[in-house]
Structure formats: C-alpha cells, structure tokens
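Okay, so here's the structure we're looking at.
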Amino acid sequence: MKTAWIAVAASLALALARDASAAPASAQDLAALKLVNQAFADALSAGDASKLGDLYTEDALLMPPNAPPTRGRAAAVAYFENLLKAGKVTLQVRSGTAGADGDLGYDAGQYAFELAPAQGSPNRDDGKYLLVLRRGKDARWRIAVDTWSSDLAAR
C-alpha cells in the first residue's frame, strides 16, 4: 500500500508538471498551496506540533529521509514533536513549482533547516521537498504526502 501511494504521488506530480494540455491551476489555488507550505515552516519554527498536524490530512503519508514512512496525522504530529524535543528549529522554504488539478495539488521547492540544541553546535541542512496536497470538503488544502531530502553530502 505504501508503494502504491508513492507511485500515485510521483505520477501525479510528474503528470501535473508536464501536461501542457491540462487547464492551468488558478492563481488562487497556487497561492493557497504555497500558503500551506509557509504555514508549515512558520509552525515548525514556532515549535507548534499541533498547528503542524492541522496542515495534514487524516491519512497523510510522511516520508522523512533516513526513517521509515509513517501514516496518519497523529503519526506526523508525533514525528515533529520528537524533532522539536531535540532543540529550536528554524525552517525557511522556497517554492519552486506548484500546480493543481481539481482537488489534488503539489508544491516542490527548496528548504533551509537549522536545529539548535540547548547545548552544542546547530545542525544545518539544505535540501528539496515535494508535497502532494488534497483539498478537503471544507475547501482547505492539506498535505497528503510529504517527503524531503538533503542536498548535503552524506557524512
């Protein structure tokens, strides 16, 4: 099932990115997709795992690097709560491309991440991300699939 979700997410992102015959996403949808990503960065930087959870669908798939995938909003919140226990997080995101078709959308771009523990040197990372978002019955866009990876060389 996890493999199926990954395949669907990748196929959707590729199809939306290259299908010139598809109707372009509205400016309102594109802005809303990017706002979800900025709200994510703001909530993580504020240390608010609860707000992060509000940005995910109930059945969200979180695929962090170097860790097994997790399923569900509660699992995403638990992942970020654990991360936030390690120190102060600062996240900046820069959307590179976004698109939508109906109630599915995507946002892909770059991030700059810093984790500053209470003691010791901060850990920094730069990388890229891909979000697949779904518009709910309440018309809000939420993250359905979230994955990211580092651009830094492995240590």
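Give all pairs with beta carbons closer than 7 Å in which a residue from the stretch 126-155 that is closer than 18 Å to Ala112 by Cβ meets a residue that is at pLDDT below 95 and among the polar types (S, T, N, Q); count only pairs at least 6 apart in sequence or on separate chains.
The qualifying pairs are Leu131/Asn37.
Within the stretch 108-120, take every residue that is within 18 Å of Leu84 (Cβ to Cβ) and either polar (S, T, N, Q) or touching a Ser or Thr at 6+ places or on another chain (Cβ under 7 Å) (or both) and give me the one that is modelled with the highest pLDDT. Can you show your working first?
Our first condition is that a residue be within 18 Å of Leu84 (Cβ to Cβ); within the stretch 108-120, this holds for 111-120.
So of that shortlist, the ones also either polar (S, T, N, Q) or touching a Ser or Thr at 6+ places or on another chain (Cβ under 7 Å) (or both) come out as 114, 119.
Numbers: Glu114: 97, Gln119: 92.
Step by step, filter the stretch 108-120, then rank; the result is Glu114.
Kindly indicate whether Phe113 is in a helix (DSSP H, G or I) and surrounded by 16 or more Cβ atoms within 10 Å (Cβ to Cβ). Walk me through it before giving the result.
Working: in a helix (DSSP H, G or I): no; surrounded by 16 or more Cβ atoms within 10 Å (Cβ to Cβ): yes.
Spelling it out, it is not the case that Phe113 is in a helix (DSSP H, G or I) and surrounded by 16 or more Cβ atoms within 10 Å (Cβ to Cβ).
Is the stretch 87-107 home to any residue that is surrounded by fewer than 19 Cβ atoms within 10 Å (Cβ to Cβ), at pLDDT 95 or above, touching a Pro at 6+ places or on another chain (Cβ under 9 Å) and of a type outside the set (Ser, Thr, Tyr)?
The answer is yes, given that some residue of the stretch 87-107 is surrounded by fewer than 19 Cβ atoms within 10 Å (Cβ to Cβ), at pLDDT 95 or above, touching a Pro at 6+ places or on another chain (Cβ under 9 Å) and of a type outside the set (Ser, Thr, Tyr).
Pick from Leu44, Leu35, Leu62, Leu30: which is assigned to a helix (DSSP H, G or I) and within 14 Å of Leu83 (Cα to Cα)? Reasoning before the result, please.
On the way: Leu35 fails: within 14 Å of Leu83 (Cα to Cα); Leu62 fails: assigned to a helix (DSSP H, G or I); Leu30 fails: within 14 Å of Leu83 (Cα to Cα).
Of Leu44, Leu35, Leu62, Leu30, the one residue that is assigned to a helix (DSSP H, G or I) and within 14 Å of Leu83 (Cα to Cα) is Leu44.
Please find, within the stretch 116-141, the residue that is nearest to Gln28 (Cα to Cα) out of those that are charged (D, E, K, R) and not in a strand (DSSP E or B). Even if it seems obvious, please write down each step before you answer.
Looking only at the stretch 116-141, we keep the residues that are charged (D, E, K, R), and these are 124-126, 128, 134-135, 137-138, 140.
Now drop any that are not not in a strand (DSSP E or B), which leaves 137-138, 140.
Details: Lys137: 17, Asp138: 16, Arg140: 12 Å.
In this case the residue turns out to be Arg140.
So Gly72 ticks every box in (1) closer than 12 Å to Leu130 by Cβ; (2) surrounded by 14 or more Cβ atoms within 10 Å (Cβ to Cβ); (3) not aliphatic (A, V, I, L, M) but one. Which box is left unticked?
(1)
Quick grid of which residues meet (1) within 18 Å of the chain's Cα centre (by Cα); (2) within 16 Å of Lys34 (Cβ to Cβ); (3) without any contact (Cβ under 8 Å) to a residue 12 or more places away in the chain:
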site: Val89; (1), (2), (3): yes, no, no
site: Ser95; (1), (2), (3): yes, yes, no
site: Gly99; (1), (2), (3): yes, yes, no
site: Asp107; (1), (2), (3): yes, yes, no
site: Glu114; (1), (2), (3): yes, no, no
site: Ser121; (1), (2), (3): no, no, yes
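The values are calculated or read from the model by the stated rules, or taken from the named source; none is laboratory data. From a predicted model like this one, the values you see are computed outputs, not experimental measurements. No Cβ is skipped: glycine too gets one built from the backbone with ideal geometry, and neighbour counts run over all protein chains shown.
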